[in-house]
Amino acid sequence: MKEAVREACALLRAGEIVALPTETVYGLAADAFNPAAVAKVFAAKERPAFDPLIVHIASRGDLKHVAIVPEGIAATVSQLTAAFWPGPLTLILPKHPDLPDLVTSGLPTVAVRQSAHPVFRAINKELDRPLAAPSANRFGRISPTSATAVMKELGGRIPLIIDAGACGEGLESTIIAIEPRPDKQKPLFRLHRAGPITKEQLQPFGKVEKVRDKPGDPPHAPGQLPSHYAPRTPLVLLENPADFHPEPGKKYGLLSYRGDEDSPYLHLHDWEQVEALSPGSGKLAEAAIRLFFVMRLLDEAALDAIIAEPVSETGLGVAIMDRLRRASGSVAGASEPV
Ligand code: TXA
Ligand code: MG
């Protein structure tokens, strides 16, 4: 661990980029205050410059260096950060003028969180600088939840990947913006991305409302394009088993929830390959951890299509279904990919 921290910090100080584990997914990190380093992140990911990065701070006290918290929501920010930081909750706040515009793609706001991963935290703290870090995949692809997956996405393009095993959450952080409301009403949380911190967990602190793209509007979070988290193999989210009409000679794989004999999906077809999201516990937390791993397995199986079983849309299931819909390129009302 010591050696990993030392090596990562030396590279980051020299303006290099390093893939680091977080509790959600692996991130590709750069010193947030070094625009040349941040530019390398965009280049390695082939990420368009209009898609802003999340800034990770080492301590809650560092928030003031990257964001300006408005009076009207200061109490809520304190409550949320006390409850969920370090952890998988990202807050969209007005940006500090010193933070390079490249990080926020010129937006007046910055997305910020504190990672709970011990390795990420140690590096963030030792470096003593905020780290801009998007997920360590090429643009539009499945987020990596292991160092092996990072290697497949970015191997040969970056000088170092720190391997700390599989990520504990498996899905990217929940992203919200906070709006004050008049009188003594609780603030409004605009949910930009569903994630490990669920609506149910946020509700005691504010009213949660999903941000919806209207057709024709620019995307509210540019990285939230409908084709995001996409495998190369077409993925079909099959809400109703009766809608499956296989073409002769084509190879289909099933992304099942439990993969057990009771599933109507299992008996629908003679599947080339079946992978289960939650084969052990049958719980959503296990499904979240395994989702991107299983999507990768099926993507590498030379199939013609991946058929995905829906999961129940409660708690963590909301974030899982969001990723499955985006992987299938079918997010209602969202704008077209660019
Ligand atoms: O769990 C995570 O959040 C991981 C780990 C590495 O921390 N990071 C991650 O970053 O998922 P990325 O870049 O793959 O996704 C960040 C999302 C993108 O959809 C981006 O458009 C959005 O956050 N975003 C960043 N800054 C924003 C801002 N100021 N306003 C609205 N959306 C923003
Ligand atoms: Mg990403």
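The values are calculated or read from the model by the stated rules, or taken from the named source; none is laboratory data. Being a predicted model, the structure only gives us computed values, none of them experimental. Using ideal geometry, Cβ is built from the backbone for each residue, glycine included, and neighbour counts are taken over all protein chains shown.
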Taking the condition of being of a type outside the set (Val, Ile, Thr) and either free of Cβ contacts under 8 Å to residues at least 24 places away in the same chain or in contact with a Lys or Arg (Cβ under 7 Å, 6 or more places away or on another chain) (or both), how many residues in the range 138-151 meet it? 4
If Pro97 meets every condition in (1) away from ligand 2 (no atom under 16 Å from the Cβ); (2) surrounded by fewer than 16 Cβ atoms within 10 Å (Cβ to Cβ); (3) modelled with pLDDT of 95 or more; (4) closer than 22 Å to Ile17 by Cβ apart from one, which number is that one? (4)
Looking only at the range 192-207, count every residue that is touching a helix residue (DSSP H, G or I) at 6+ places or on another chain (Cβ under 7 Å), within 21 Å of Pro70 (Cβ to Cβ) and among the hydrophobic types (A, V, I, L, M, F, W, C) and tell me the total. 1
Scanning the range 4-48 residue by residue, the ones that are under 11 Å from Leu127 (Cβ atoms), assigned to a helix (DSSP H, G or I) and among the β-branched types (Val, Ile, Thr) total 1
In the list Ala74, Ala39, Ala8, which residue meets the criterion of being free of Cβ contacts under 8 Å to residues at least 60 places away in the same chain and either in contact with an Asp or Glu (Cβ under 7 Å, 6 or more places away or on another chain) or more than 16 Å from ligand 2 (Cβ to nearest atom) (or both)? Ala74
Provide a single number: the residues in the range 226-268 that are over 27 Å from Pro134 (Cβ atoms), within 23 Å of the chain's Cα centre (by Cα) and among the aromatic types (Phe, Trp, Tyr). 1
With the first residue restricted to the range 230-254 and required to be within 11 Å of Leu298 (Cβ to Cβ), and the second required to be small (Gly, Ala, Ser) and part of a loop (DSSP other than H, G, I, E, B), Cβ contacts under 6 Å at 6 or more apart or on different chains are Leu235/Ser328; Gly253/Ala301
Take Arg113 and tell me if it is of a type in the set (Lys, Arg), within 13 Å of the chain's Cα centre (by Cα) and farther than 12 Å from Val18 by Cα. yes
Any chance Val119 is of a type in the set (Val, Ile, Thr), assigned to a helix (DSSP H, G or I), surrounded by fewer than 23 Cβ atoms within 10 Å (Cβ to Cβ) and in contact (Cβ under 8 Å) with a residue 12 or more places away in the chain: yes
Take the conditions modelled with pLDDT of 95 or more and buried (at least 24 other Cβ atoms within 10 Å of the Cβ) and apply them to Gly27. Does it pass? yes
If you take the residues of the range 118-149 that are closer than 20 Å to Pro52 by Cα and aliphatic (A, V, I, L, M), which of them is farthest from ligand 2 (Cβ to nearest atom)? Leu131
Restricting to the range 12-38, what's the tally of residues that are within 15 Å of ligand 1 (Cβ to nearest atom), over 18 Å from the mean Cα position of the chain (by Cα) and of a type in the set (Gly, Ala, Ser)? 1
